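Enquirer: Please find one structure pasted underneath; my questions will follow.
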DNA sequence: GTAACCATATGCCACTGTGGAATGTCAAGG
DNA sequence: CCTTGACATTCCACAGTGGCATATGGTTAC
């Protein structure tokens, strides 16, 4: 049926995954992806449109008729389904973390303690908000959540909790103000 | 002194940071970076050499004489120091996480429970090893560590612990085998 | 009604990041 | 001497990012 010219990348494969629910435009896919996988899989509009165009060329998706506002719906083809099935069976690779705040800390001896403390405080605020948001989500719609969505949400909660605990312990490790 | 033609990216800035310790080659910088910031800031050889060439053109570093094995040491210039000082003062951006295993879980309804369980088990193993490694590092040389290095190490430990706790709770959330 | 405004929708570009392949050099051990 | 492996750089294609440009349909305010 479908011979993999080249292996599918995870971003493109995710788009195929979402298209199982029916035809969607790049815009729809972007907003869906942000909500569903955005917390652990970054993507950008440019990338989404680019991958859709490439998958269209490769026959994994098929562009429909352009609607209002240049809205162009893509639908999953049989090749697309096959490519997705192939991808989902592959061993998922290791996670990637890039945290600029940790860079600032690693090079912390070049920074005034108060400045570093300000960075830390600002980030702590962000993580506290995210934790609250996640917990509210679980409290509100947690029971209605598909178990897979509940599992990824739980990851987010545990991650944010760990980061906040780390923040709480930081003052014992670092000079963060002019004591 | 130095007017920023364009803002420095974090990877390039990190190389400047390491060069404060004295002239180093691309290879040296790569291995240093892997050890010191590799756990929260990914980089590749290609990128390191490319950034060094670019910073050389921009006068932020100066290439020395080529030694044995084409070893080319770069040293920090005054412009480079200034650019680094500028960079380190900037508010660090949000962290970036990309975790393919979470993608597999999010699309878990397309996977046989046993297959998903195998993915999970394999990743749990990786995280358990990393946690052990970090803890051994802290136990062995923890006291000798610069506080900034201790702080980033502590982040790694808390992160791995959180992930392992999440793994432990997963069977209650997901169908992971044919019960 | 229509003007102003905003959300929707796509595309382009330059730069950054990734991973593999190619190429060559020195050092050590058999 | 010869093989093997660590060292060292370069090139390339592709993936990912973020900003800018450019529309258009729908809503609101006047």
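Enquirer: List B:25, A:32, B:44 from most exposed to least, where exposure is judged by having the fewest other Cβ atoms within 10 Å.
Expert: Listing B:25, A:32, B:44 from fewest to most nearby Cβ atoms yields B:44, A:32, B:25.
Enquirer: Rounded to two decimal places and with Rh computed the Kirkwood way over Cα pairs, what is Rg over Rh for the range A:43-128?
Expert: Computed over Cα atoms, the ratio is 1.26.
Enquirer: Starting from 0.36 nm per residue, how many nanometres of slack lie between residue B:78 and residue B:21 once their C-alpha separation is accounted for?
Expert: In short, 19.1 nm is gained.
Enquirer: Let me see the P(r) profile for the range B:106-150: every Cα-Cα distance counted, bins of 10 Å, each bin given as a percent of all pairs.
Expert: 24, 29, 21, 17, 10
Enquirer: Mind giving me the nanometre distance, one decimal, between the label points for residue B:122 and residue A:146, set 7 Å out from Cα along Cα→Cβ?
Expert: Label-label distance for residue B:122 and residue A:146, simple model: 2.2 nm.
Enquirer: What average count of beta carbons from other chains do you get within 10 Å of the Cβ of residues in A:143-151?
Expert: Mean shielding by partner chains, rounded to a whole number: 5.
Enquirer: Would you mind checking the tilt of helix B:147-173 against the longest principal axis of the Cα atoms of chain B, expressed as 0 to 90 degrees and rounded to 10?
Expert: It works out to around 20 degrees.
Enquirer: If you rank B:51, B:65 by fewest surrounding Cβ atoms within 10 Å, what's the result?
Expert: Ascending Cβ contact count within 10 Å gives the list B:65, B:51.
Enquirer: While we're here: Where does the protein assembly as shown land at 222 nm, in deg cm²/dmol rounded to the nearest 500, when only DSSP H runs of n ≥ 4 count, each adding -39500 (n - 2.57), divided by all residues?
Expert: Using -39500 (n - 2.57) per qualifying helix, the result is -20000 deg cm²/dmol.
Enquirer: Using only atoms on other chains, find how many Cβ atoms lie within 10 Å of each Cβ of peptide A:164-174 and report the average.
Expert: 4
Enquirer: What's log10 of I(q)/I(0) for the range A:94-179 at q = 0.11, 0.27 Å⁻¹, Debye sum over Cα points only, no solvent?
Expert: For the requested q values the scattering log ratios are -0.40, -1.34.
Enquirer: While we're on this one: Return one number: the angle in degrees, 0 to 90 and rounded to the nearest 10, between the long axis of the Cα atoms of helix A:10-19 and the longest principal axis of the Cα atoms of chain A.
Expert: Here the helix axis deviates by roughly 60 degrees.
Enquirer: Also: Semi-axes of chain B's equivalent ellipsoid from the Cα gyration tensor, sqrt of 5 times each eigenvalue, largest first, rounded to whole Å?
Expert: After diagonalising the Cα gyration tensor, the semi-axes are 40, 19, 16 Å.
Enquirer: Taking residue B:146 in one copy and the same position in all the others, each labelled 7 Å out along Cα→Cβ, what are the pairwise distances from the first, in nm, shortest first?
Expert: When each copy's label point is compared with this one, the spacings are 4.7 nm.
Enquirer: Shortest first and in nm to one decimal, what separations exist between residue B:132 and its copies in the other chains, measuring from label points 7 Å along the Cα-to-beta-carbon line?
Expert: Between copies, matching label points for residue B:132 lie 4.1 nm apart.
Enquirer: How far is residue A:66 from itself in the other copies, in nm, if each label sits 7 Å out from Cα along the Cα-Cβ line, shortest first?
Expert: Those label-point separations list as 5.2 nm.
Enquirer: Counting only C-alpha contacts under 8 Å and six or more residues apart, can you give the relative contact order of the range B:1-124 as a whole percent?
Expert: 27 percent
Enquirer: Any idea what angle helix B:45-57 forms with the longest principal axis of chain B, computed on alpha-carbon atoms, 0 to 90 degrees, nearest 10?
Expert: 30 degrees
Enquirer: Semi-axes, largest first, in whole Å: what does sqrt of 5 times each Cα gyration tensor eigenvalue give for the range B:4-49?
Expert: Equivalent-ellipsoid dimensions as semi-axes: 16, 13, 10 Å.
Enquirer: Tell me, what is the FRET efficiency for residue A:34 and residue B:46 to the nearest 0.05, using R0 = 35 angstrom and their Cβ-Cβ distance as r?
Expert: The value I calculate is 0.70.
Enquirer: Identify, for chain B, the residue whose C-beta comes nearest the rotation axis onto chain A, and round that distance to whole Å.
Expert: Of all Cβ atoms in B, the one closest to the rotation axis yields B:162, 2.
Enquirer: Shifting gears a bit: Normalise the Cα radius of gyration of the protein assembly as shown by 2.2 N^0.38 Å (N = residues in it) and let me know the number.
Expert: 1.12
Enquirer: On to the next question. Just to verify a number: FRET efficiency for residue A:168 and residue B:168, C-beta to C-beta distance, R0 = 30 Å, to 0.05?
Expert: Here the calculated transfer efficiency is 0.85.
Every number here is computed from the coordinates shown, using simple stated rules; none is lab data. This structure is a prediction, so every number in the text was calculated from the model and none was measured. Note that each Cβ is placed from the backbone with ideal geometry, even for glycine, and that neighbours are counted across all protein chains shown.
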